[in-house]
Amino acid sequence: MAHGPVIDEKGGYGVSLYQIPDEQNIAAITAEDPIVKNGVGHYEHYSMLHLKARTAANNCRV
């Protein structure tokens, strides 16, 4: 899982990346987030077909 802010001229927002099994329901996971439960935020869900992650061994800052 990774989270971070996105600075956009139209207004900032956040991005979250989750790696979950195909049979797991991402909407059920994100529905438990306090911002969703309190009605102050929401998630939009999109599949990512491929993601290549760097590791500390590849000189990535962690």
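Points to keep in mind about this one:
- Accessible surface, per residue, of the chain when the full set of protein chains is kept, probe 1.4 Å, Å²: 97 Å²
- When only Cα pairs below 8 angstrom with a gap of at least 6 residues are kept, the chain shows a relative contact order of 17 percent.
- Computed from the alpha carbon positions, the gyration tensor of the chain leads to an equivalent ellipsoid with semi-axes of 24, 18, 11 Å, biggest first.
- Gain on full extension, evaluated as 0.36 nm per residue between D8 and I26 minus their Cα-Cα distance, stands at 4.0 nm.
The values are calculated or read from the model by the stated rules, or taken from the named source; none is laboratory data. This structure is a prediction, so every number in the text was calculated from the model and none was measured. Just so you know, the surface numbers come from the protein's heavy atoms only, side chains and all, with ligands and any DNA or RNA stripped out. Shrake-Rupley method; radii C 1.70, N 1.55, O 1.52, S 1.80 Å.
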